[in-house]
């Protein structure tokens with residue numbers, strides 16, 4: 001659920017949201033479904049200056065109170081309160097490097113095609129998932145994602161870290177020729 005309001009109208013917006021959630025819970029109950037407040041997260045979205053001005057740390061959800069968080073996961077994407085994508089890029093890079101460390105143990109016994117398939121299924125799919133959200137990210141975040149792709153290409157081909165990566169990426173058809 002998304003509600004828009006100014007900083008001064010946040011308490012009113014929180015009350016309006018609580019009434020909407022009660023209506024939603026009643027509708028779900030009529031359909032023999034249940035809203036789970038323990039899996040509900042609240043996130044303020046705005047600039048750092050505006051978010052810091054909001055003084056509502058908890059939001060009522062049915063009979064419980066939900067604490068406001070700095071970032072939340074939705075459909076596998078980590079959204080932070082300033083929409084900078086820093087948390088999502090950090091999560092993607094951490095998971096990718098974990099998979100690369102695990103794959104490093106077995107790639108020497110695999111063919112290049114098999115290693116490429118494994119890397120594409122474990123690494124590239126995470127880099128590609130919801131990649132439209134990366135539009136407009138900072139250069140430093142883009143370089144972090146690029147370093148994951150470079151490390152994956154080096155793992156597949158056995159290229160050393162000091163070797164230039166562009167020919168390797170072209171060889172794997174991961175960048176246009």
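No value in this document is a laboratory result; all are computed from the given coordinates. These figures come from a predicted structure and were not determined experimentally. Cβ coordinates were reconstructed from backbone atoms using ideal geometry, including for glycine residues, and neighbour counts include every protein chain displayed.
Let me have the relative contact order for segment 1-60, percent, based on Cα pairs under 8 Å that are six or more residues apart.
42 percent
Need one number for the chain: average projected area of the convex hull over its C-alpha atoms, nm².
Reported value for the Cα convex hull: 14.0 nm².
Taking the number of other C-beta atoms within 10 Å as the exposure measure, put 52, 46 in order starting with the fewest.
52, 46
Hey, rough spin-label estimate for residue 63 and residue 117, points 7 angstrom out along Cα→Cβ, what's it come to in nanometres?
5.3 nm
Taking R0 as 35 Å, what's the FRET efficiency between residue 84 and residue 109 from their Cβ-Cβ distance, rounded to 0.05?
0.30
Hey, what did the chain get for relative contact order, percent, Cα under 8 Å, at least 6 apart?
That works out to 14 percent.
Could you work out the helix-only [θ] at 222 nm for the chain, with each DSSP H run of four or more residues adding -39,500 (n - 2.57) and the total divided by the number of residues, to the nearest 500 deg cm²/dmol?
After summing the helix terms and dividing by residue count, I get -15000 deg cm²/dmol.
Taking only Cα atoms of segment 123-177, what ratio of Rg to Rh do you get with Rh as the Kirkwood inverse-distance radius?
0.98
Can you tell me what share of the DSSP beta bridges in the chain is antiparallel? A percent to the nearest 5 is fine.
Once the DSSP bridges in the chain are tallied, antiparallel ones form about 80 percent.
Say R0 is 22 Å: what FRET efficiency, to the nearest 0.05, do residue 162 and residue 124 get from their beta-carbon distance?
Once the sixth-power term is evaluated, E becomes 0.40.
D for segment 7-69, whole µm²/s, Stokes-Einstein with Kirkwood Rh over alpha-carbon pairs at 37 °C and 0.692 mPa s: what number?
Using the Kirkwood radius from Cα pairs, D works out to 258 µm²/s.
In nanometres, what is the gap between the two model label sites at residue 94 and residue 36, each 7 Å from Cα along Cα-to-Cβ?
2.2 nm
For segment 6-46 and segment 62-116, what is the separation of their Cα centres, given in Å?
28 Å
Any idea what log10 I(q)/I(0) is at q = 0.17, 0.25, 0.26 Å⁻¹ for segment 84-171, Debye with uniform C-alpha scatterers and no solvent?
One equal scatterer on each Cα of segment 84-171 leads to -0.70, -1.31, -1.37.
Under a 10 Å cutoff between Cα atoms, tell me which one of 151, 25, 72 has the largest fluctuation in the Gaussian network model of the chain.
25
Quick one: compute the contact order of segment 84-171, relative version, from alpha carbon pairs under 8 angstrom and 6+ residues apart, as a percent.
Relative contact order comes out at 38 percent.
By how many nm would the segment from residue 139 to residue 7 grow when fully extended, if each residue of separation counts as 0.36 nm and the alpha-carbon distance is taken off?
Stretched out fully, the residue 139 to residue 7 stretch lengthens by 44.4 nm.
I need 49, 97 ordered by Cβ neighbour count within 10 Å, fewest first.
So the ranking, lowest neighbour count to highest, is 49, 97.
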